[in-house]
Amino acid sequence: MISLDKKAPHRTRQTLRSASSLSALRRGGAFWIGLGLLGLLSSATVVAAPSPIQSDFDDDTVLVTLPASAPANDRVPSSPEAMAREVKRLISEARRSGDPRFLGYAERLFKQQAGQDLTDSLRVLRGTLAQSLHQFDAARQDFKTVLSRSDVPTQRAQALLTLANIEIVQGNYNEAQAFCEQLTAERPGLIAASCHAQVAARTGAAESAYNKLAAVTRFGNGANNQGYLWAQGTLGDIAAQLGYASAAGHWQQVLSQDPDDLYIRAQLADWYVQNDNPEQALVLTEGYEAVDNLAVIRAIAMRRVNDPGEQALASRLRERFEEAIWRGSMLHQRDLARFELDIDQRPEDAAAHAISNWATQREPLDTRLALRAAIAAQDSAALSQLRAWLKQHNQADARYPEES
């Protein structure tokens, strides 16, 4: 039996999930220029893995509780405009809740339209969905098609920003810089300035990037401006890279306006764990155990303070990861690798998953985890590869282990 939950918020539900949850959505996912939706941008899609399969149940047993905002039926919307509104809603809900089923609902809508030419608006949405699902080549194709034929400024800016973020996530900084430059030419402002700052910070100029973006941000339009919030999130990322205590303040400013930004919440919680403040990490992750990234951080923080609930949470995470591996449904492996390294203390397995994840996603926290796992596993080949890449891009980060 499938029940539709119209009351309880699905963030705190412990029911069976149909796919692995989004790990806290990274900055590469979906920032809607001109549409007021800040968030999914990042490879980091926030992921909650499914609960174990149940094979022994009664006819009236509830196996799956659908979220209250799930589509009521499978009908295709009546017009491209109606479909665009529904897809935006679904992606926004995935970003808000960390529940990947909403991405699946959106993906189903596009599959029902297979073979039909999409409007540029729908193509932007399909590219955003593909990016959120880590289908980076498909996302690139859609956004480049939009750039080749659309004259709508917001569509072009959305395409350029997401293309830049995809390249930043994958460590292709020359390509990212080119998209940032085009974005600046077509839509100058804090979002474009943040784009340049990210690339500069990852290629040896983190301090100057931070100072320049901070100076530009002082002239922003206040905390309710989406460009301002985007810049504050970027400043938090670069400050953490530099080891500045100001990182927490930047991230807190974003969360004060947008508490559902799971990427920022995970960044700040992880920052607290790394800086020996597990109590604050527990506050930030309370109620978010369905989101793998936040749940793993919470388990680490609980272990640090000897919380008696840590073993139960670790057991639930272990089951969810095992089930996700069996299904082949995990969007990425970073959370699993972190769990294997810091909770289960299996460095060889952690290194294998961390390096596999790093092959396609090279944000600082991906690189940091790969370095830590390779050192713990004494994997000299992986460590040499990581060090060579860091040297090639002149990339340094205060969070990287000293041995690297």
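The values are calculated or read from the model by the stated rules, or taken from the named source; none is laboratory data. Because the structure is a prediction, the values reported are computed rather than measured. All Cβ positions, glycine included, derive from the backbone under ideal geometry; neighbour counts span all protein chains shown.
Annotation: of all residues in the stretch 66-98 being in contact with a helix residue (DSSP H, G or I) (Cβ under 9 Å, 6 or more places away or on another chain), at pLDDT below 80 and among the hydroxyl-bearing types (Ser, Thr, Tyr), the one that is surrounded by the most Cβ atoms within 10 Å (Cβ to Cβ) is 97. Total residues in the stretch 234-267 satisfying the condition of being of a type outside the set (A, V, I, L, M, F, W, C), at negative phi and either touching a His at 6+ places or on another chain (Cβ under 7 Å) or outside any helix (DSSP H, G or I) (or both): the figure is 6. Looking across the stretch 167-197, the residues that are in contact (Cβ under 8 Å) with a residue 60 or more places away in the chain and either more than 16 Å from residue 392 (Cβ to Cβ) or more than 20 Å from the chain's Cα centre (by Cα) (or both) come down to 169, 187, 191.
Would you call residue 288 among the hydroxyl-bearing types (Ser, Thr, Tyr), touching a Leu at 6+ places or on another chain (Cβ under 7 Å), crowded, with 23+ Cβ neighbours inside 10 Å and part of a helix (DSSP H, G or I)? No: the conditions fail for residue 288.
Residue-wise test of (1) within 30 Å of residue 309 (Cα to Cα); (2) among the acidic types (Asp, Glu).
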{"residue": "204", "(1), (2)": "no, no"}
{"residue": "235", "(1), (2)": "no, no"}
{"residue": "250", "(1), (2)": "no, no"}
{"residue": "268", "(1), (2)": "yes, no"}
{"residue": "279", "(1), (2)": "yes, yes"}
{"residue": "283", "(1), (2)": "yes, no"}
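Restricting 184, 162, 145, 203 to residues that are at pLDDT 95 or above, among the polar types (S, T, N, Q) and surrounded by 24 or more Cβ atoms within 10 Å (Cβ to Cβ) narrows the list to 162. Criterion applied to 245, 295, 301, 269 was being modelled with pLDDT of 95 or more, closer than 23 Å to residue 235 by Cα, of a type outside the set (Asp, Glu) and surrounded by 19 or more Cβ atoms within 10 Å (Cβ to Cβ), and the one residue passing it is 269. Residues that are over 18 Å from residue 106 (Cβ atoms) and crowded, with 19+ Cβ neighbours inside 10 Å within the stretch 133-142 comprise just one, 140.
Residue 167 falls short of the stated requirement of being charged (D, E, K, R), modelled with pLDDT of 95 or more, on the phi < 0 side of the Ramachandran plot and surrounded by fewer than 21 Cβ atoms within 10 Å (Cβ to Cβ). State yes or no: is residue 101 basic (Lys, Arg), under 13 Å from residue 133 (Cβ atoms) and modelled with pLDDT under 90? Criteria met by residue 101.
Could you tell me whether any residue of the stretch 113-132 is farther than 16 Å from residue 83 by Cα, out of contact with any Phe, Trp or Tyr (no Cβ under 8 Å at 6 or more places or on another chain) and surrounded by 24 or more Cβ atoms within 10 Å (Cβ to Cβ)? Looking through the stretch 113-132, at least one residue is farther than 16 Å from residue 83 by Cα, out of contact with any Phe, Trp or Tyr (no Cβ under 8 Å at 6 or more places or on another chain) and surrounded by 24 or more Cβ atoms within 10 Å (Cβ to Cβ). Residues of the stretch 327-342 that are free of Cβ contacts under 8 Å to residues at least 60 places away in the same chain and either under 21 Å from residue 103 (Cβ atoms) or surrounded by fewer than 18 Cβ atoms within 10 Å (Cβ to Cβ) (or both): 328, 333, 336.
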